[in-house]
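What follows draws every value from the coordinates through simple rules; no lab data is involved. In this text, all values refer to a predicted model and were calculated from it rather than measured experimentally. Don't worry about glycine lacking a Cβ; one is built from the backbone with ideal geometry, like all the others, and counts go over all protein chains shown.
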């Protein structure tokens, strides 16, 4: 596909997602309390999107993922939280 074809097909969807992300960040920043590892990880992931770096999706996914390879004895909860808290 050409760049124009990709933009024609996907721009409006990406625009909507970008506005959703901006609204999410606005809500977080207006709220009381301290940042936890999830929003810190989210902001680091956003940094991976900015600029001319290649493989942005891979870089974002890796920035949110647990980099360790050793299994843990017991999961800390029932569900995934979407970001690695930085403990191994």
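What does the C-alpha gyration tensor say about the overall shape of the chain? Classify as rounded when a/c is under 1.5, otherwise prolate if a/b is larger than b/c, or oblate. Working shown, then result.
Details: a/c = 2.47, a/b = 1.49, b/c = 1.65.
Oblate is the answer for the chain, as a/c is 1.5 or above yet b/c matches or exceeds a/b.
Please report the relative contact order for the chain, taking Cα pairs under 8 Å with a sequence separation of at least 6, and give it as a percent rounded to a whole number. Kindly include the intermediate steps, with their values, before the conclusion.
Working: 39 pairs, mean separation 25.2, N = 88.
It comes to 29 percent, rounded to a whole number.
By how many nm would the segment from residue 54 to residue 39 lengthen if fully extended, with 0.36 nm per residue of separation less the alpha-carbon distance?
Values: separation 15, 0.36 × 15 = 5.40 nm, distance 2.34 nm.
Full-extension gain reported as 3.1 nm.
Could you state the angle between the C-alpha long axis of helix 37-49 and the longest principal axis of the C-alpha atoms of the chain, as a value from 0 to 90 degrees rounded to the nearest 10?
30 degrees
Could you please rank 54, 17, placing first whichever residue has the fewest other Cβ atoms within 10 Å of its Cβ?
On the way: 54 6, 17 10.
Starting with the residue having the fewest Cβ neighbours, the order is 54, 17.
Grab the beta carbon distance between residue 8 and residue 28, set R0 = 35 Å, and tell me the FRET efficiency rounded to 0.05. Let's see the in-between values first.
Working: r = 33 Å, r/R0 = 0.93.
So the FRET efficiency works out to roughly 0.60.
Is the shape of segment 42-88 best called rounded, prolate or oblate, per the rule: a/c under 1.5 gives rounded, else a/b larger than b/c gives prolate, else oblate, with a ≥ b ≥ c the square roots of the Cα gyration tensor eigenvalues? Could the numbers behind the result be given before it?
Working: a/c = 3.25, a/b = 2.31, b/c = 1.41.
Prolate is the answer for segment 42-88, as a/c is 1.5 or above and a/b outweighs b/c.
What 222 nm value per residue comes from the helices of the chain, counting each DSSP H run with n ≥ 4 as -39,500 (n - 2.57) and dividing by all residues, nearest 500 deg cm²/dmol?
Details: 3 runs with 50 residues, N = 88.
Dividing the helical sum by the residues of the chain leaves -19000 deg cm²/dmol.
Relative to the longest principal Cα axis of the chain, at what angle does helix 3-30 sit, 0 to 90 degrees, rounded to 10?
40 degrees
Show me 4-14, 71-81, 39-49 ranked by packing, highest mean number of other Cβ atoms within 10 Å first. Mind showing how you got there, number by number?
On the way: 4-14: 10.2, 71-81: 6.9, 39-49: 15.2.
Ranked by mean Cβ neighbours within 10 Å, highest first: 39-49, 4-14, 71-81.
How would you classify segment 30-69 from its alpha-carbon gyration tensor, with a ≥ b ≥ c the square roots of the eigenvalues: rounded for a/c under 1.5, else prolate if a/b is greater than b/c, otherwise oblate? It would help to have the intermediate numbers written out before the result.
Details: a/c = 4.35, a/b = 1.47, b/c = 2.97.
Oblate, since a/c reaches 1.5 and b/c is not below a/b.
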